[in-house]
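Below: the structure, in structure tokens.
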Amino acid sequence: MTDASISGAPKPPAAQVSLFQRSQQVQRRHQKGAALRYLGMAAITLVLVFLGVLLWSIFSRGLPALWQYQAEIEIYYDPAILNSDGGEVTAEEIEGVSLRSGFEQGIFAVSLERTLENAGIDIEGTVAGAWIGQATGILDSAGLENGSAIIQSADSPTDLAQEFGQAGNALRAANTALDGEDPAAAVEALTAASEALAAAGFEAAAAEVASIAATAEGEGLEAADTALSATGYQQGLFDAATALRQADGYEQGDLLAIIYAANRRDVRDRVVNNLDLVGDTSREGVPISIALTRYLSGELSGVGQAQMPPGFDIGQLALVDAMRDAGIIDRNFRWSFFTNTYSQNGAVAGIGPALMGSAYMMLVVLVFSLLFGVAASIYLEEFAPKNKLTDFIEINIANLAAVPSIVFGILGAAILFTLGGLGFGNSIRGTALLGGIVLSLMTLPTIVIATRAALKAVPPSIRDAALGVGASKVQTVFHHVLPLAAPGILTGTIIGIAQALGETAPLLLIGLSVSTGAGLLSSPFTGGLLEQAQSMPTVVFLLAQNEDATVREGLAQSAIIVMLLLLFALNFLAIMLRRRFERRW
Amino acid sequence: MTALLTLPSVLVIVLVLAAVGFFLGRRRALAASGGTPSTLHSLPRQHGWHVALATAVPALILIVFWSFLAGLVSNIYIDAIIPDDQPELRLPLEQRAGLTEREIEIRVQGRRDLFISNVQALAGAIDRYVANGNATEEEVQRWRADLAPLQQRLQRDGQIVSTAVTQGSLNRALELRRFNAIVAVTGPLAALAMAVIGFAVSLLVISRDFRARISVERWTRGFLVFASTMAILTTIAILSAITLPSLTFFREYGLFDFLTGLTWAPAGDVTGVPAGRNGEYQSELGFLPLIWGTLYIAFVALLVAVPLGLLAAIYLSEFATKGVRAWVKPALEILAGVPTIVYGIFALVTIGPFLQAIVGTTIMPNTVSVMTAGVVMGMMLVPFVSSLSDDVINAVPQAMRDGSLGLGATPAETVTQVVLPAALPGIVGAIVLAASRAIGETMIVVLAAGALSNVTGIEPNPFGAVVTVTTRIVAVLTGEGSGFDSIDVLAVFALAFTLFFITLGLNLLAQRMVAKYREQYE
């Protein structure tokens, strides 16, 4: 262990490489290879992140939209409105009452006022309080002390507003005079403004303005101008006056705007059908105007112009707050979304007919594709001789599977136009039957491919055994092969139907989106298939095109959630079937 | 009696007859065997089926055809009985002023179509009027147009008669009704007769040696063959649906103008150019802006989908552990199973605003743009590309990998220098298929590329809105328009025509590539 041994020792052999140890070069090559691996991982991560963002974007917006703020109001069927002559109310008279002025302004607005009063809410007082509070705040922030005391001691907000306005005008006149050349006039105007402020009760502000008048005399107009502008009295007075004028300005329409009264038609029909309701009351939940949703959920604070729900003012918001505190406004699950018909208005829009329409179309697809798809696959797989025709059919199926779905829509539109020319008119436009047929033609290749795979999976020994004991070819297929292939066929069919469920473009072209007035369908056996229908994807499309951003980003996503859940349920069913019945030969 | 002779009731009668036939046939076969069923050629059940099929099938086929033909025949009839000198068709002299022969012809044809639809509407209204029990057939036959305001009477019953009833239209409507009544009865009658004949004959032929099974199996095979021709029928239907209107369009607008036009401005849109006669809006239907938008978006989509899809496929098939595969593959399948409209809305409400926030509103004035649609479509295509490439990569024989590894190549070198070159034709095929899907994709583009924008020309900015082939098809055909009545609608069929052949070409190319590739290793 001396230094000598180091210098004297022979050098170790240079390339004593173990097989288990990588040389530098090999290491470099492996490192280069790792890059490919990491790129692959990164690609998959990116795609999964995208999937996550997609689902998050749908669920975070769609789930809250399934809850709705509703006002529980006592609807009072006022005989005075239903028959303005004061006599007995008949069904004809009710039908004659205008929906807008009679039911919306009359029944709904009056009922709403009654409900609030019964809950102990002083409507006018609440509105006035909100505006007076606003005015006080403005005065305080403008440095006009003593504001709340002045407002409280005033007899009427309107008179006070006038007084404030005069003071503001005096200040404006002073400001104008300061911009001019004449110091005497400016001092005069400032003195007048100071007096006006004192008259309105703002002693401190009056003194301030008087001191500015002194400045104007001593240091010149410019300095006084700057000092006056710095106070901000003028703007504060005008704003406070504006707010005070609103305090007396409550109208029935302000209250009515809070709720959405478009189900007035339903209400009218209800009274027509049950005249006993006249003069009576019934409690019911009415949706709140959709613009208020963001305020109620706390997304908009309601302070300042930018935070105000569009179309509302602080008086109405005060009423909303009072209603919420009194328990009139509540947040409920929106069951009506699943039963209502589609509407432009997000407060009452629903997907009832769309769910039915989609179900009917899936029924058509199921019958049609099981019948024709399975029959075609059986022929091609079990019977068809290998000839030109069979090849041609195979090529056709392969190509149809890759034809863009919109081309099938074009086919549907052409069928529609042709049948229209044949005397069917417009009666077949937008029906569940036409939609189902177009979707079936589109899904047929998918189902044929799946069914053929299932038939192929049945081992030939089964066929040989059946033929061997004397079954005919048809008997072999229908009695032995088909039952064994059934789970596979069913799985393929369900997956094909799931695909058809989300298909939108072909349905748009055959008029399922213009039938926006479509109602709930009757049973498929009594002609429901031949009625104007809607479907889930087309309603999603309509909701996504709504001009109201709340609907576009909320309800459209809720409808997507419903559609995706249906899709996942179908796929889950297919997977379960496969797990349960799958046989390995 | 005539009430029974409608198609639905005949349908029920036929089905009941077939069911009865099944039991009668079985009974008769058993009787024919003389107590020993084993002496029959076919099982009694098969005899029963034979009777049922012979009863129902020809009648059902006839009913299906008749329900379509009746309308057609009635249309031909009404067109035939209206003479060219029908007074209602004459074009007033003052309207003829300054028009060419061709324009007069078009207007006269328009009046004729209108007259025909009026007559048909009137006939329908009278039908319902009678059905509601307001008049008997004899009374109707004596009707004259001036007879107590006919129109009001029909309208009071809730019938819609929009135009004034003239003596001419009333006469034609009555003629049409007589004809329709005959047609309406003949079809069901014929179907019923066929069912009864089939029923009787098939029952009569039952004997000990009758080969009912062979016969039933022939029916079955016939149905199987028919079902398998559905694919051909669908293709033929699509081809004729898009070809005939397209040819009309090319003839009227000009194929060259269509293919080389730089502006897409249909008169039906707000973007139309008032260049026609008398300041009418005239359509300018150039194909180039549309194909530009379509290919632009498809290009962006492939730029996203191909690298991501390929890398994911390579990782999954060559590097990933079983556990990773078990989780990632279903996730990719979810992505593939999401309907395209969901992607479209996602692009509209999430990706669009996000991109706009990044690049700013000067470059990207709207949230809809080529990039918005392209990126989302690319993400949609990733599972498509990756699963196709995965199949292709897995089809490369293991021996090639083993050989490469045995020679000392690292796994990554094996992938890049052996597996990928071997799989290249298949991968290119997958990319071509993805391109075909990108070109035909509709809902993402409609929602996220600016379907409602006023773009008429070629837009080079990747953050600007564009028009594409599919969005124009949706825009025109989603409205209330029905019938091949305007050049705009015809143009849409020409678009579908080009779209169909572009995608068909790409699909055939891809199939050929994949097939060749597979042959190589089998």
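The values are calculated or read from the model by the stated rules, or taken from the named source; none is laboratory data. In this text, all values refer to a predicted model and were calculated from it rather than measured experimentally. When we count neighbours, we look across all protein chains shown, and the Cβ atoms used for this are built from the backbone with ideal geometry, even at glycine. With ligands, DNA and RNA removed, areas are computed over all heavy atoms of the protein, side chains included. Shrake-Rupley method; radii C 1.70, N 1.55, O 1.52, S 1.80 Å.
If you place +1 on the Cβ of every Lys and Arg, -1 on the Cβ of every Asp and Glu, and leave all else neutral, what size is the dipole of the stretch B:2-216 about its Cα centre, to the nearest 20 Debye? Numbers along the way, then the final one.
Values: 21 positive and 17 negative charges, 249 e Å.
So the dipole magnitude of the stretch B:2-216 works out to roughly 1200 debye.
Under a 5 Å amide H cut-off, with hydrogens placed 1.01 Å from N, B:E284 pairs with B:A265, B:A267, B:V273 among residues at least 5 apart or on other chains.
Pairwise over distinct Cα atoms, reciprocal of the mean inverse distance: report the Kirkwood radius of chain B in Å, one decimal place. Spell out each step's value before the answer.
Values: mean 1/r = 0.0337 Å⁻¹.
About 29.7 Å for chain B.
Using the Cβ-Cβ distance between B:A193 and B:W219 with R0 set to 22 Å, the FRET efficiency from 1/(1 + (r/R0)^6) comes to roughly 0.60. The residue list A:Y69, A:G470, A:L389 was ranked by how far each Cα lies along the charge dipole of chain A toward its positive end, using unit charges on Cβ atoms, and A:G470 comes out on top.
For chain A, what does -39500 (n - 2.57) per DSSP helix run (n ≥ 4), summed and divided by total residues, give at 222 nm, in deg cm²/dmol to the nearest 500? Display every interim value, and only then the final one.
On the way: 26 runs with 355 residues, N = 585.
The helix-only estimate for chain A comes to -19500 deg cm²/dmol at 222 nm.
Only one residue of B:S67, B:V119, B:F463 has its Cα farthest out toward the positive end of the dipole of the protein assembly as shown, where Lys and Arg carry +1 and Asp and Glu -1 on Cβ, and that residue is B:S67. For chain A, the longest principal axis of the Cα atoms and the long axis of helix A:183-200 meet at an angle of about 80 degrees.
Angle between the Cα long axis of helix A:24-65 and the longest principal axis of chain A, 0 to 90 degrees, nearest 10? The helix A:24-65 is inclined about 60 degrees to chain A. The mean accessible area for residues of the stretch A:157-247, using a 1.4 Å probe and ignoring ligands and nucleic acids, is 46 Å² per residue.
The charge dipole of the protein assembly as shown, taken about the Cα centre with unit charges on the Cβ atoms of Lys, Arg (+1) and Asp, Glu (-1), comes to about 9480 debye, rounded to the nearest 20. Relative to the longest principal axis of the Cα atoms of chain A, helix A:123-141 runs at roughly 70 degrees.
Placing +1 at every Lys and Arg Cβ and -1 at every Asp and Glu Cβ, with all other atoms neutral, what dipole size does the stretch A:352-581 have around its Cα centre, in debye to the nearest 20? Show your work: numbers first, answer last.
Numbers: 11 positive and 10 negative charges, 133 e Å.
I would put it at about 640 debye.
Candidate cross-link partners of A:K388 among the lysines, defined by an alpha-carbon separation under 29 Å and a same-chain spacing of 8 or more, comprise A:K456, A:K473, B:K516. Here A:K32 is the anchor, and the aspartates and glutamates within straight C-alpha reach of less than 18 Å, apart from those fewer than 8 places off in the same chain, are B:E318, B:E413. On alpha-carbon atoms, Rg over Rh for the protein assembly as shown using Kirkwood Rh? My calculation of the ratio gives 1.07.
Hydrophobic, long helices, defined as DSSP H runs whose alpha-carbon span along the helix axis is 18 Å or greater and whose mean Kyte-Doolittle value is at least 0.5, occur in chain B at B:7-32, B:44-81, B:167-204, B:230-253, B:288-314, B:370-394, B:420-440, B:487-520. Just report the Cα centroid separation between the stretch A:238-296 and the stretch B:67-119, whole Å. With the stretch A:238-296 and the stretch B:67-119 each reduced to a Cα centre, they are spaced 55 Å. Summed over both chains, the area buried between A and B is near 7200 Å², taken from the accessible surface of protein heavy atoms with a 1.4 Å probe.
Here the accessible area of the stretch A:157-247 is 50 percent carbon and sulfur, with a 1.4 angstrom probe and all protein chains present.
Roughly how many percent of the accessible protein surface of chain B is carbon and sulfur, given a 1.4 Å probe and a whole-percent answer?
Details: 16200 of 24750 Å².
About 65 percent, which is the carbon plus sulfur part of the accessible surface.
How large is the accessible surface per residue of the stretch B:2-216, computed with a 1.4 Å probe and reported in Å² as a whole number? Let's see the in-between values first.
On the way: 11940 Å² over 215 residues.
The answer is 56 Å² per residue.
The Kirkwood radius of chain A, taken over pairs of alpha-carbon atoms, gives through the Stokes-Einstein law at 4 °C and 1.567 mPa s a diffusion coefficient of 41 µm² s⁻¹.
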